[in-house]
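Below is one structure, written out as structure tokens; comments come after it.
The values are calculated or read from the model by the stated rules, or taken from the named source; none is laboratory data. Computed from a predicted structure; not experimentally measured. Here the Cβ positions follow ideal geometry from the backbone for every residue, glycine too, while neighbour counts run over all protein chains shown.
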Number of protein chains: 2
Amino acid sequence: MVEHGGLDLMCLNKSYSHSSTTSSSSSEREKKIFTKLKVSLTEDYPQKNAEILSGQYGTNLLLIGVSLMLAIAHHGASVKEEHLLSFITTLMILQLIWMIWYIVSRDRQSNLQPEKDVHATTCWIRGGLTLLALLSLIMDAFRIGYFVGYRSCVSAVLGVYPIIHATHTIAQVHFLWFHIKDVIKTFETFERFGVIHAVFTNLLLWCNGVMSEAEHFLNNHKRRLSSLGYVNLTIVDMEPHCNCTTSACSMFSNSLYYLYPFNIEYHIFVSAMLFVMWKNIGRSINLQYNRKRPATRTQGLVVGPILGLVALASTIGVLVVYIIHVEESMDTRESAIAMFYCYGIVMLVFMCSAGATGLLIYRADPMPMDTTKNPSRTLDTEILFGSSVGSWLMSWCSVVAVAASSSSPSYRWTNLMYSLLIVLEKYIQNLFIIESLYRQREDGEREDAEAAGPVPEIFSVTSSLAPPYNGIINRAYENPDKGCVTLENEQVENGQVYGTFSSRKHSAVPLHAGSNVAETPSKKRQILKNIAVFLFMCNISLWILPAFGCRPQYDNGLEQETFGFTIWTTVLNFAVPMNLFYRMHSVASLFEPQMCKN
Amino acid sequence: MVEHGGLDLMCLNKSYSHSSTTSSSSSEREKKIFTKLKVSLTEDYPQKNAEILSGQYGTNLLLIGVSLMLAIAHHGASVKEEHLLSFITTLMILQLIWMIWYIVSRDRQSNLQPEKDVHATTCWIRGGLTLLALLSLIMDAFRIGYFVGYRSCVSAVLGVYPIIHATHTIAQVHFLWFHIKDVIKTFETFERFGVIHAVFTNLLLWCNGVMSEAEHFLNNHKRRLSSLGYVNLTIVDMEPHCNCTTSACSMFSNSLYYLYPFNIEYHIFVSAMLFVMWKNIGRSINLQYNRKRPATRTQGLVVGPILGLVALASTIGVLVVYIIHVEESMDTRESAIAMFYCYGIVMLVFMCSAGATGLLIYRADPMPMDTTKNPSRTLDTEILFGSSVGSWLMSWCSVVAVAASSSSPSYRWTNLMYSLLIVLEKYIQNLFIIESLYRQREDGEREDAEAAGPVPEIFSVTSSLAPPYNGIINRAYENPDKGCVTLENEQVENGQVYGTFSSRKHSAVPLHAGSNVAETPSKKRQILKNIAVFLFMCNISLWILPAFGCRPQYDNGLEQETFGFTIWTTVLNFAVPMNLFYRMHSVASLFEPQMCKN
């Protein structure tokens, strides 16, 4: 895109200098200068610069919001929640305006069918997001109810914010369903700003949710501690200073905190999807590899779902017992924490074994990995890796605390085991998920190829680039040894024009030619599918626990002894939201490649 | 690489099943199985997995170190500095063993000339790093002296650590000079672990330096505050509990803190360079684009260096005045801070104008950007962008503090101006540097081409892939519109085999064909060079100030009022090291492309 833009301008430049000698009318000349300027402002801006320009803009938006949050966290007199909410409301209104502009301008050019990146998202993810958005809408309704009750003594911003947020949610879900896969090719620089604005608005909404949730949890935790007889900690009073005019205020404010986890996940997922859209701007999609995935088949799924359901059921049991026991007395508190760690160790041992089995199956079935350019998958990989960091840090802190602690509660060594298993489990699971993501296409295509009949040994590039396939061969991009060189070597060897597609088909054929191919791969695939379903449900379980208040890292006291209350709370405020996001993200990543394979 | 590995194994697999039918000797069979296993363990591991495996290992090393640091920051009884230092020493010893193994095994296969990535580093950077390493060695000597003085009451680790660190520094500088450009192609998976271990060992040494430096600065700051009559803050006593047996102990410990900034920069730079080496493992370098840069020419450099020297001189003046005045009394303190902000505003206005002029010159000279694959440049871009975040956050916090503050010192509005200008200056400077990085090659090549005589209009891919040029055409990788499609389209259109190189030359020619080319570009380039030199010296100035203790963000009190001591100190402990690194990194990035262009 970059170079095309540059070339266009240069051609324009050249043709302009030619034509100016033939026609001397100044109005025409002005028109051309104007056109040139317009082109250079809209189309010609080099992609790298446009990315940096808009990326820097978005980052600064987020940082303004974060600095406001930090000021609020101090509970000083000067910066209040209203200020932050007005800032976020302004950003949401701007995003609404951009979305409306985008949808309207798209509809006008409806004769031009826009390119779509089918890998950007799936129906499942959009469906899940719609559900999360519905829960967010309920949350907005509760917020409005709360505002109505206290309207005499709270800022009007607290009433405007949920209304704008609800509108924003509805518009955004519409956008997700109909436009998130678009590959933008017009007004690229402007659209880049629009999309990145949307990305960072959602990130800021996520940060805001995380902060409110953490503050609420911390206050609850302090209240619990002081009721158990620990030192008095200052509890910040969040209630407004007037009476509620309706009877439902406390119901509203209490229910809000059960809905927070969903709202938080909604915003972070949307921002990840919008980020993929941003990366796709100006990209050329290879239509050959841009086919829809085959439908899900569920045959052979027995062991995985059953074990998964057992895990899920026991998790809910553990959650209920934990939450009741941790508030009762010191003894039940300690036994609840010990129970949690034992349960966690069993879960994690099963998850590690499942992941390791999956990896061994992959190792037993060597296959070149799919390295086509796919921003969505790259982002998935980076997010998995990045969001593990929070939970790893938490685990290593626990290990240090256990090693250094002078007290010795009953759960000391189970905590150590649990923490080390958490590190190992994420290590293995990341490898498994990333390998699944990079393998999925091969499998799908192999079967497509089978279904389509015998595989032709040679594909002509020209035929594969015939009208419907006018994209580029993306495979060449990330894998240095394949792609152009293969292409060229083969040209030299055979004196003909082969495509990369043909060279990959070559490699796929020997796999089929081996012995017992018809039997083993489908068995292997069934095992893999069962593993994926099991891990999927385990990750949901491990999301539910911290999302609904089961956080023994706050309650066990070991880490607090070694790190002190302030440092340890800061670590947890950073690590727990990352861990929640990690679990949700791995749920989505596990669902997609394994379940959508047949 | 990935697919080749996979294919090799499959071929092996196939040939094995064939040959086993003809020869039935079991020893031969075992030998083959052994070979197969060896291949699959060393060569065949897919690149993506190997990267994730080793990346996760390195991240966890760092996190263990960070959790130890957090425990030390609490100043509890259980975790002491000795524990952290023993951990780091172990890592350094492991890295030493790996480096020795690597150098020895390289020397053995000296008949095979290893591929080199000439873009990985320059002589200037290695020279600078050697200087920093020398200062680190002096620091180690001081540390040994300090240990000798207090040897009766401090842990032996404090004596072992500087000795190992000195050995590590010497070995690493040798490695940097002779091996950092290597493109590793043997034992890839093992080497990946070795290199990433080195990357994260250096990162951990950086973190450790940053932490010690921050703690020392904070203690000084608290001492200053309490001497000025502010509330008593707990100052942690760092001195050992025995008398020094030599006379130089206090000299050693005081000098240490002037050497810290250099040690810190040394480790972060080395880890960035090693990271590029890690990214290069298994890569195929295109030798055609892998030429050395032309030598630096300095003609026409007048205005930039003069203005830069003025900036540097005034900076040193400001530093001295600031450090003396800020400790005297409340009045001189306030005037010192006010002076700093005025000086900063003047500097930043000049820097913004210089950067904006540079960007305008680039806009007036549209040129397709160089998009060849270059891990070193990609990392430069990401680091510039990433390390700006710290300082942006600090600036936005200042803006919030100024807006929210109830007190109104004389420097309130200059602080606001200064903070906004910091945001703007980094925004512009990043754009300028990144565009310089992505343009540099074009200019160099254009001149090379001129020097080499007329540019041939058509390059044969086969000739460009003749023995010395057996790399791949990297240009195809990042730019979806060029590369294979261009290649294929041109093949289709002309019935001949053209290279991407030829298509780029096509685009370069019209630029030369325009009017007054011979004059304008060199003038433009001289202006750009002057701008780069000026910004180079300004960035050195803005590095010197915080590195040697001029940090008005601690002293002005405005932010502390809005955010509270704890939050604001945490923000600064995170942002100041990032800002220091940003300045040093932009110094290196500004030096390289502009100065090495002629």
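Observations, loosely collected:
- Sole residue being among the β-branched types (Val, Ile, Thr), touching a helix residue (DSSP H, G or I) at 6+ places or on another chain (Cβ under 8 Å) and not in a loop (DSSP other than H, G, I, E, B), chosen from B:Val402, B:Val346: B:Val402
- A:Gly557 closer than 16 Å to B:Ala71 by Cα and away from every other protein chain (no Cβ under 13 Å): yes
- Conditions (1) buried (at least 22 other Cβ atoms within 10 Å of the Cβ); (2) modelled with pLDDT of 90 or more: number failed by A:Ala171: (1)
- Each residue in region B:73-98 was checked for being surrounded by fewer than 20 Cβ atoms within 10 Å (Cβ to Cβ) and among the hydrophobic types (A, V, I, L, M, F, W, C), and 8 pass.
- Selection status of A:Thr371, modelled with pLDDT under 85 and either touching a Lys or Arg at 6+ places or on another chain (Cβ under 9 Å) or hydroxyl-bearing (Ser, Thr, Tyr) (or both): yes
- Positions within region A:59-73 being within 7 Å of another protein chain (Cβ to nearest Cβ) and touching a residue at least 60 places away in the same chain (Cβ under 8 Å), in sequence order: A:Thr59, A:Val66, A:Ala73
A quick yes/no check of all residues on (1) without any contact (Cβ under 8 Å) to a residue 40 or more places away in the chain; (2) outside any helix (DSSP H, G or I); (3) within 15 Å of the chain's Cα centre (by Cα); (4) surrounded by fewer than 24 Cβ atoms within 10 Å (Cβ to Cβ):
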site: B:Leu535; (1), (2), (3), (4): no, no, no, no
site: B:Cys538; (1), (2), (3), (4): no, no, no, no
site: B:Ser541; (1), (2), (3), (4): no, no, no, yes
site: B:Gly549; (1), (2), (3), (4): no, yes, no, yes
site: B:Ile567; (1), (2), (3), (4): yes, no, no, yes
site: B:Thr570; (1), (2), (3), (4): yes, no, no, yes
site: B:Phe574; (1), (2), (3), (4): no, no, no, yes
site: B:Leu580; (1), (2), (3), (4): no, no, yes, no
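- Residue count, region B:121-134 (criterion: closer than 10 Å to B:Tyr266 by Cα and crowded, with 18+ Cβ neighbours inside 10 Å): 4
- Note on region B:414-443: residues that are within 11 Å of chain A (Cβ to nearest Cβ) and either of a type in the set (Ser, Thr, Tyr) or outside any helix (DSSP H, G or I) (or both) total 3.
- Taking the criterion of being among the charged types (D, E, K, R) and either within 11 Å of another protein chain (Cβ to nearest Cβ) or buried (at least 21 other Cβ atoms within 10 Å of the Cβ) (or both), the residues of region B:368-413 that qualify are B:Asp370, B:Lys373, B:Arg377, B:Asp380, B:Glu382.
- Taking the listed residues A:Ser86, A:Ser20, the one that is more than 9 Å from chain B (Cβ to nearest Cβ), farther than 26 Å from A:Ile184 by Cβ and modelled with pLDDT under 50 is A:Ser20, with no other qualifying.
- Restricting A:Ala356, A:Ala311 to residues that are within 14 Å of another protein chain (Cβ to nearest Cβ), part of a helix (DSSP H, G or I), in contact (Cβ under 8 Å) with a residue 12 or more places away in the chain and within 28 Å of A:Arg439 (Cα to Cα) narrows the list to A:Ala356.
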